[in-house]
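Notes follow the structure.
The values are calculated or read from the model by the stated rules, or taken from the named source; none is laboratory data. Predicted model only: the values in this text are computed from it and were never measured. Reconstructed Cβ throughout: ideal geometry from the backbone, glycine too, with neighbour counts over all protein chains shown. When the accessible area is computed, the model is the full protein with side chains, heavy atoms only, and any ligands, DNA or RNA have been set aside. Shrake-Rupley method; radii C 1.70, N 1.55, O 1.52, S 1.80 Å.
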Amino acid sequence: MTIKEIMKELAFSDSIPENAIKEAINKKDEITPYFLKILENSIVNIEKINNGNYDDNDEEVFAMLFLAYFKEKCAYPLLISCLPKIKTDPYELMGDFLFQSLPKVIASVYNGDLMSLINVIENPEVDKNIRMAFISAFEILTLWDYIDRKEAEVYFMSFIERFKVPEDRDYIEFIAMACYDLGFIDSYSGLRDLYKDGYIDEAMMSIREFDEHFKRTSQKITEETRTRNKLYHFVDDIIDEVSWWSHYNDEFDDDYEDDELLDEDEYNPGYYQDEDTETIFRYSTKIGRNDPCPCGSGKKFKRCCGEWS
């Protein structure tokens, strides 16, 4: 297959384009500059992207995936330059990729420039979900020892102290859960105080569960996180990365549908509300907060896709 044929199949296939993926991997040296050029074009065309006048989103997603699979460090500064400039809804651009794969992509192409990572995380002008993707990338890099654990713990706790204001509650809770997964035992007391201060919702993680978790050693917690959660790995299998994409799975076509608004006091863990549209979306099967997440990560729903929702 030529590069053009590969890209056409990647962009327009209704099923997982396994042949094109394998061909692209076989042509790594030839196709890598092409993928880098796609990201460069994204930077140049960021205004068009934000105005909805740029239609190459599928190419960009695949470019990021392949560059991550190739561990192409030249892609890191391009992501740092492009992603924070997205002003439109990034989910509209990237779909499921935003939550499930983007943190792994960022971590996979990381070139050691930690300050650039931190600058995105702390930039209030950057979209919330983009910032959280960079936080998750920081967590992945720490989990696999690409960032010193103590340095990461000091930074995360510093972030919590510096940004502990009500409008940043989501970020505080998100980073607290990262500390939970990384087993930062030395910060246990400070993290537990976040419950008292209202920054961790017990619906997300009960105090009892939190306390039991930190009775284990840091090494044990780290090993468990590495083993049970595919979201905390690098991109090492592109077919696996795209296998759950909704447009490759007919069974997901009806996963979300409009429904009647729930009564104010009614609680159903299979629902969440979109604040902008005031529409209730429903999973095809009701999912309890402590059930395994349907994405296959091995994580509880409340701390995986349910957390993003």
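Applying a threshold of 9 Å to beta carbon distances and a minimum spacing of six or more residues, or different chains, the list of pairs starting in segment 212-229 at a residue that is of a type in the set (Lys, Arg) and ending at one that is in a helix (DSSP H, G or I) and surrounded by 14 or more Cβ atoms within 10 Å (Cβ to Cβ) reads Arg216/Ile185; Arg216/Glu224; Arg226/Leu143; Arg226/Tyr232. Just wondering, is there one or more residues in segment 59-68 that are out of contact with any strand residue (DSSP E or B) (no Cβ under 6 Å at 6 or more places or on another chain), loosely packed, with under 15 Cβ neighbours inside 10 Å and not hydroxyl-bearing (Ser, Thr, Tyr)? Within segment 59-68 (the criterion being out of contact with any strand residue (DSSP E or B) (no Cβ under 6 Å at 6 or more places or on another chain), loosely packed, with under 15 Cβ neighbours inside 10 Å and not hydroxyl-bearing (Ser, Thr, Tyr)), the answer is no, since none of the residues qualifies. Collect the residues in segment 22-56 that are closer than 20 Å to Tyr91 by Cβ, open to solvent by 50 Å² or more (accessible area, probe 1.4 Å) and outside any helix (DSSP H, G or I), keeping them in residue-number order. Selection gives Asn51, Gly52, Asn53, Asp55, Asp56.
Out of everything in segment 135-174 that is farther than 15 Å from Pro124 by Cβ and of a type in the set (Lys, Arg), what residue ends up being most open to solvent (accessible area, probe 1.4 Å)? Looking at residues that are farther than 15 Å from Pro124 by Cβ and of a type in the set (Lys, Arg), I get Lys150.
Looking across segment 230-240 at every residue that is outside any loop (DSSP other than H, G, I, E, B) and touching a residue at least 40 places away in the same chain (Cβ under 8 Å), the one that is least open to solvent (accessible area, probe 1.4 Å) is identified as Ile238. Looking at Glu72, Glu167, just one residue is among the charged types (D, E, K, R) and within 25 Å of Glu30 (Cβ to Cβ), and that residue is Glu72. Return a yes/no flag: does segment 73-89 have any residue that is in a helix (DSSP H, G or I), among the polar types (S, T, N, Q) and over 25 Å from Glu125 (Cα atoms). Scanning segment 73-89, I find no residue that is in a helix (DSSP H, G or I), among the polar types (S, T, N, Q) and over 25 Å from Glu125 (Cα atoms), so the answer is no. Scanning segment 174-205 for residues that are among the polar types (S, T, N, Q) and either under 14 Å from Phe163 (Cβ atoms) or out of contact with any helix residue (DSSP H, G or I) (no Cβ under 7 Å at 6 or more places or on another chain) (or both) yields a count of 1.
Being part of a helix (DSSP H, G or I), out of contact with any strand residue (DSSP E or B) (no Cβ under 7 Å at 6 or more places or on another chain), open to solvent by 10 Å² or more (accessible area, probe 1.4 Å) and not acidic (Asp, Glu): is that true of Asn19 here? In short, yes.
Looking across segment 8-41, the residues that are touching a Phe, Trp or Tyr at 6+ places or on another chain (Cβ under 8 Å) and of a type outside the set (Asp, Glu) come down to Leu10, Ala11, Ser15, Ile16, Ala24, Ile25, Lys28, Ile31, Thr32, Phe35.
Among the residues of segment 1-16, the ones that are touching a residue at least 60 places away in the same chain (Cβ under 8 Å) and either open to solvent by less than 90 Å² (accessible area, probe 1.4 Å) or assigned to a helix (DSSP H, G or I) (or both) come to 2 in all.
Pairs linking a residue in segment 159-170 that is under 9 Å from Tyr199 (Cα atoms) and in contact (Cβ under 8 Å) with a residue 12 or more places away in the chain to a residue that is surrounded by 10 or more Cβ atoms within 10 Å (Cβ to Cβ) and of a type outside the set (A, V, I, L, M), with Cβ atoms under 6 Å and 6 or more positions apart or on different chains, are Arg169/Tyr199.
If you go through segment 183-215 and keep only what is open to solvent by 40 Å² or more (accessible area, probe 1.4 Å) and among the β-branched types (Val, Ile, Thr), you end up with Ile185, Ile207. Each residue in segment 172-219 was checked for being part of a helix (DSSP H, G or I) and β-branched (Val, Ile, Thr), and 4 pass. In segment 91-106 there is no residue matching the filter, namely being more than 18 Å from the chain's Cα centre (by Cα) and either in contact (Cβ under 8 Å) with a residue 24 or more places away in the chain or assigned to a helix (DSSP H, G or I) (or both).
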